[in-house]
Amino acid sequence: MKASTILKGIVALALIGVIVWAIRLGQQRREQFEQQTAGTTPGHVAKVGPGAIRVDGAAGDWERIGEFNLAAETGSARSANDWESVRLAHDGTNLYALIALPYALEDRAPAGKGTAILGQVFIDTDPGASTADPTGMGGFYVGVDRSILVLIRRAGQGEPACVEYRVERTASAGTGFEKVENGTASSCDGRPAAGYEGNNVELALALPLLGLRTGRRVRFVLEPMGGSQIRELELRIP
């Protein structure tokens, strides 16, 4: 048998091995994702009047707005970092979110200068055409239009702890995220669009900042930092 034929056979076997490995790896990652994901919860974003919600972290403004229980039994062990619930509302101008955490925010605040990430919210504004996929399976960030990074930071020793959000959008090159202009807000701003009290984080984000419009269905993918579960909400914005 010619050496060239033997070499071609070895190369073919190697390629087959790589393909089989890639398929198995993809199956393993998909299984891991399915184990993390507790299913997609349908519903709608509550409609409120202008000025109905004050962004200060207090839950009093939200008493008549139903919550999405993120701590519902899912058949898998929960992490101490898994978010408890989220409430969502809009007034035609802003999207409001109240996230209940299983710990007091001050417990996660850096003692001196520093930043601690609390989690991310991915948004897919076209859930009918594609599925939000923050793990990158099936393509990098397939279906995700925006990412909201939620964090708590302190500018220095003796400075107050500030809850902050940073909005990014999928890069045009499809290689990750890029910053959105005016997409950062902090509870320490003069006119805050973020706030916290106890274990509650409250956010206000302009609808255009997130690429959101009323009358549409939107998928929200919630991923707590260090959490054991990813939760999806497919909601209509009335």
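The values are calculated or read from the model by the stated rules, or taken from the named source; none is laboratory data. A quick note: this is a predicted structure, and the numbers were derived from the prediction, not measured. Positions of Cβ are backbone-derived with ideal geometry, glycine not excepted, and every protein chain shown enters the neighbour counts.
Some points to look at:
- Conditions (1) touching a strand residue (DSSP E or B) at 6+ places or on another chain (Cβ under 6 Å); (2) free of Cβ contacts under 8 Å to residues at least 40 places away in the same chain: number failed by GLU181: (1)
- The listed residue being surrounded by 19 or more Cβ atoms within 10 Å (Cβ to Cβ), out of contact with any helix residue (DSSP H, G or I) (no Cβ under 8 Å at 6 or more places or on another chain) and among the aliphatic types (A, V, I, L, M), out of ALA206, ALA171, ALA185: ALA185
- Conditions (1) crowded, with 20+ Cβ neighbours inside 10 Å; (2) of a type in the set (Ser, Thr, Tyr); (3) at pLDDT 90 or above; number of the one not met by THR115: (1)
- Selected residue (criterion: farthest from ARG219 (Cα to Cα)) from residues of the range 83-107 that are part of a strand (DSSP E or B) and small (Gly, Ala, Ser): ALA100
- Selection within the range 53-82 - closer than 23 Å to ARG217 by Cα, modelled with pLDDT of 90 or more and not in a strand (DSSP E or B): ILE53, TRP62, ARG64, ILE65, GLY66, GLU67
- Strands (runs of 3 or more DSSP E) (entirely within the range 169-238) containing at least 3 residues that are among the polar types (S, T, N, Q) and under 17 Å from ALA97 (Cα atoms): none
- For the range 46-70, the tally of residues that are free of Cβ contacts under 8 Å to residues at least 60 places away in the same chain and in contact with a Pro (Cβ under 7 Å, 6 or more places away or on another chain) stands at 0.
- All positions within the range 187-235 that are among the hydroxyl-bearing types (Ser, Thr, Tyr) and farther than 21 Å from ARG154 by Cβ: THR214, SER228
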